[in-house]
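Where a number appears in this text, it was derived from the coordinates with a stated rule and is not lab data. Every value quoted in this text rests on a predicted model; they were computed, and no experiment measured them. Cβ sites come from the backbone with ideal geometry, for glycine too, and all protein chains shown count toward neighbours.
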Amino acid sequence: MPSVAPSGYRGLVSGSYEHPVPLEVPAVFAWPPRPLAAIEWTLRMILYPWVLLYLTMSVVIWKWLLPSEATMSSLELGWIAGIWLRNLVIVALIAGGLHWWLYVRRAQGEDFKFNPRWPGTGSKFTFGSQVRDNAFWTMTSGVAFLTAYESLTHWAYSSGLVHRPGWSSNPVVVVLMATLGVVFVSTGHFWLNHRIIHTVPLYRRIHGLHHRNPNPTPWTGISMHPLEHIVYFSGFLVWWVIPVHPLVILMFVFYDGPGPAPSHSGFARVRLGRWSVPAGDLFHQLHHRFFEVNYGNTQMPIDWWTGTWHDGTRTTHLRLKGRQRSDQTSVDPVS
Ligand SMILES: [Zn+2]
Ligand SMILES: [Zn+2]
């Protein structure tokens, strides 16, 4: 009996977990509009659970832990070191916690795991190990540039360089900007900078470090070359032009800092007993696997508009396969 080619993501790797495909453009961009589906998508795909977690953390930090505007009005090592330490601890807890649960304890085995392989070793990695390599670049350059951009942004507002108008404290504006505003600015900016660093000279010199990982893990999220960190975190500069409440800046810290840890986790969901929450992003997993597709995120579907949207089906894979450059090899290539 002839074998039937698998049609979905499972056919593109050899694992046992089959993620639902095709990955569809969010209902919020549907035309004609589908308001109920758009609200459902916003609640389920954007807010729950990570954005709600980051929002809670942002409120706590803004209320009790953020230095005063008077303190942040001058650039001094003391308060910047405090922000660096806070970011170091939060990134370590989220990326390290997910890594410990999924890869050290292997608490859910291969349940919801996109790729059956586990983190690798080899000379392409700093210190010869994927985990050590990724944790190193995340905790050194990653946290340092995240802190630098955050601190400079707080300073710009506190020193009066950027004027914060009264309307930016309107509760409705704050909540909308801290959730949808942060998500759309971050993902739109990410598509743009990521698309640029995929051009050949920049890819070889800079972005290749992030792409050492065709099979990403939580520590891969912001494991990047320092020059990529400068570009990736430059999304903070949007808030130098669009004035916002400090809560929005803190949300941006967590969405772009520890945020990529769950999305790179390699597991579609993290399971705690019988309960599980969404984590890994198949759309970006496909980017790590096939390189020249899915430069952005599903939340801001620029890839759909530019023809590089890999929806996880074999049909789309065969159509987009020619985009992969010959100098970029992934593990177990799909024919
Ligand atoms: Zn990535
Ligand atoms: Zn890339």
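Run the numbers for residue 59 and residue 180: contour at 0.36 nm per residue of separation, minus the present Cα-Cα distance, in nm. List each step's numbers first, then the result.
Details: separation 121, 0.36 × 121 = 43.56 nm, distance 1.63 nm.
Between residue 59 and residue 180, full extension yields 41.9 nm more.
Taking 312, 128, 235 as the candidate residues, the one with maximal mean-square fluctuation in a Gaussian network model of the chain, Cα springs under 10 Å, is 128. Among 85, 225, 247, which residue has its Cα furthest toward the positive end of the charge dipole of the stretch 36-323, with +1 on Lys/Arg Cβ and -1 on Asp/Glu Cβ? With unit charges placed on the Cβ atoms, the residue in question is 225. Between 94, 52, 275, the Cα set farthest toward the positive side of the dipole of the chain (charges on each charged residue's Cβ, about the Cα centre) is that of 275. Rounded to the nearest 500, the 222 nm mean residue ellipticity of the chain from helices alone is -11000 deg cm²/dmol, with -39,500 (n - 2.57) taken per DSSP H run of at least 4 residues. In whole Å, how far is the Cα centre of the stretch 223-301 from that of the stretch 46-80? Measuring centre to centre over Cα atoms gives 18 Å. If you run the Gaussian network model on the chain, springs between alpha carbon atoms under 10 Å, then out of 316, 140, 199 the most flexible one is 199. Here the extension length gained between residue 227 and residue 34 equals 65.4 nm, from 0.36 nm per residue of separation less the Cα-Cα distance. Note on the chain: with a GNM built from Cα contacts shorter than 10 Å, the maximum mean-square fluctuation among 142, 78, 257 falls on 78. In plain terms, the chain from residue 118 to residue 132 could stretch by 3.7 nm, reckoned as 0.36 nm per residue minus the Cα-Cα distance.
Give the cross-link partners of residue 113 among the aspartates and glutamates, using a straight C-alpha distance below 14 Å as the criterion and excluding same-chain residues fewer than 8 apart. Residue 113 reaches 18, 281. Here r is the Cβ-Cβ distance between residue 167 and residue 275 and R0 is 41 Å; the resulting FRET efficiency, rounded to 0.05, is 0.55.
List the trypsin sites (Lys or Arg not before Pro) within the stretch 102-173 that fall in a DSSP loop (any state other than H, G, I, E or B) and whose Cβ has at most 16 other Cβ atoms within 10 Å.
Loop-located and lightly packed - 105, 106, 117, 124.
Legend: ranking of residues 230, 249 from fewest to most surrounding C-beta atoms inside 10 Å; resulting order 230, 249. Of the chymotrypsin sites (Phe, Trp or Tyr not before Pro) found in the stretch 52-105, not one falls in a DSSP loop while having at most 13 other beta-carbon atoms within 10 Å. Diagonalising the gyration tensor over the Cα atoms of the chain and scaling each eigenvalue by 5 before taking the square root yields semi-axes of 33, 23, 19 Å, largest first.
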